[in-house]
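Take a look at the structure below.
FYI, it's all coordinate maths here, none of it is from the lab. Remember, it's a predicted structure, so these values are computed and weren't measured experimentally. Quick reminder, even Gly has a Cβ in these numbers, built from the backbone with ideal geometry, and neighbours come from all protein chains shown.
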Amino acid sequence: MAHDLANVLGDVGPLLFYLAVWGLVFAGTALFVGVFIPFITGDSLLFAAGLLTGTHPELSIWVLAVGVGIAAVLGDQVGFWLGRRFGRPYLTRRGGRWVQAGVRRAERFYELFGWWSVVISRYIPWGRVFIPPIAGISAMRYWRFLTANIVGALSWGVLITVIGYFAAVNPSVRPVAYIVAGVVIAASIVAGIRAWVLDRRSRRREAEETAEGAR
C-alpha cells in the first residue's frame, strides 16, 4: 500500500495525493466502495499515507490527517441521508448474500449499542460502511448521529494517520506507534467478534422464546 501511494505521489504531487487519499476515505462509506475493497479505503490506507508523509517533507501530516477526518465525517453523512431518504430498500439492493449478511450484522450492532455503534463502527470494516445508512433508516436524530459521527470519524482518521507518520519519522517512537496501531486493529477485531457473539446469543434467545410460545 505505501509503495502504491508513493507512486501516486511521484506522479501527481502533494495536492492531488491529498485529494486521492481523502477521496478514497469518502468513497469508502458514501459510495459503498469499502464493502468491496476495505483495505484500500480503511485502516491500511491511512497508516500507509501517514508513513509516506513522514518520509516526504513536502507533505503535511496535519493537512492530511484533518482532511481524512473531514472526509470520513462527510462520507458517513452521505450514508446517513441515503438511508433516511431511501429506507431499507436502499440497502436491500446493495448486492449478494455476503453484503446482506453484513447489513444484518450492522442492524443488530446498531440495536445493541445505539449512539456508540456509530463511534465504534469506524474501526470495523463492515461497520463503517453499513452503520450510517442504518442509523438513517432507524430515524436516529440527526444531531445525535452527527456527534457520534464526528467523534468516531475524527478519532479514527486522525489517530491512525498520525500513528503511521510517527512510525516513519521517529525511530524511538516507532515501536510504540506499531504497538498502538496493532492495538487499534485488534480492538476492531474484538469489537466485531463481540458483536457477532451478542448477535448469536440474541438470535438463540429469540428462537427459544419462539419455540416456547409455539408449545
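Scalar couplings 3J(HN,Hα) for region 100-107, obtained by applying the Karplus form with A = 6.51, B = -1.76, C = 1.60 to θ = phi - 60°, are 5, 5, x, 4, 5, 4, 5, 4 Hz; x denotes Gly and Pro. Computed extension length for TYR178-SER60: 40.4 nm, one decimal, from 0.36 nm per residue of separation with the Cα-Cα distance subtracted. Highest average first, the peptides 66-75, 141-150 ordered by how many other beta carbon atoms sit within 10 Å of their residues are 66-75, 141-150. Our coupling estimate for region 72-89, obtained by passing each phi through the Karplus curve with A = 6.51, B = -1.76, C = 1.60 and θ = phi - 60°, is 5, 4, 5, x, 5, 4, 4, x, 4, 5, 5, x, 5, 6, 10, x, 4, x Hz, Gly and Pro reported as x.
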